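First comes the structure, then the notes that go with it.
The values are calculated or read from the model by the stated rules, or taken from the named source; none is laboratory data. These numbers come from a predicted model, not from an experiment. Here the Cβ is made from the backbone with ideal geometry for all residues, glycine too, and neighbour counts use every protein chain on show.
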Amino acid sequence: MQTEHGPSVPGARGLNPQTAREALILEALGGIDQILLRSEEVAARLALEVDKLQSAAGALHAGGEQYATQLATLTAATKGALVEYIEQRAARITTVALETHRKNMQDAATLAFADQLAPMVRDIARQLEQHSLARSTAASRWTRWSCGLAGFLAGAGVCALAAWMGWYR
């Protein structure tokens, strides 16, 4: 722009340079003034942005702590549920294994007794049978003799009672 005293320099605020040198100095000073104004604006905006960033960092930190607390609670609950599941599963597996083992042991014992003890059991059964036949023969003799003795004693008792009652009458 041109004024009546020479070219107008932006930012020179009404100063009119007389020489080219003054115009360059005024132009440089005007540029510096612009830079200073903008730097003040930038500083103010930076201060606002710093406050916003600090607020966001605080909120992020609080959210992180809340997340950590919730994660710890969830982890503890998951551990508890997992331990309970493992204990139940182990108990079921142990029960099934013990039942299977017990059945296998019973089957093995049955086979062992059947193979090894069956002949001895048959011998004992045969001996008991023979002994019971011998006893039954002896028992029938003893039964007849004891019945006879009981009858004799009963009769003698009745006679003795009758005699005693007759003498005391």
Problem - Residue check, residue 115 free of Cβ contacts under 8 Å to residues at least 40 places away in the same chain, over 14 Å from the mean Cα position of the chain (by Cα) and loosely packed, with under 10 Cβ neighbours inside 10 Å - result: yes
Exercise for the section: Confirm whether residue 121 is surrounded by 10 or more Cβ atoms within 10 Å (Cβ to Cβ), among the β-branched types (Val, Ile, Thr), modelled with pLDDT of 75 or more and assigned to a helix (DSSP H, G or I). Expected result: no
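Taking the range 8-53 only, how many residues are loosely packed, with under 14 Cβ neighbours inside 10 Å and at pLDDT below 85?
If we filter the range 8-53 for residues that are loosely packed, with under 14 Cβ neighbours inside 10 Å, which is where we start, we get 10, 13-14, 18-21, 24, 28, 31-32, 34-53.
Now narrow it down to the ones that are at pLDDT below 85: 10, 13-14.
Residues meeting the conditions: 3.
Determine whether residue 150 is assigned to a helix (DSSP H, G or I), more than 57 Å from the chain's Cα centre (by Cα), of a type in the set (Gly, Ala, Ser) and modelled with pLDDT of 75 or more.
On the way: assigned to a helix (DSSP H, G or I): yes; more than 57 Å from the chain's Cα centre (by Cα): yes; of a type in the set (Gly, Ala, Ser): yes; modelled with pLDDT of 75 or more: yes.
Yes, satisfied.
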Practice task
Could you identify the single residue in 74, 24, 15 that is without any contact (Cβ under 8 Å) to a residue 12 or more places away in the chain and not in a helix (DSSP H, G or I)?
Solution key: 15
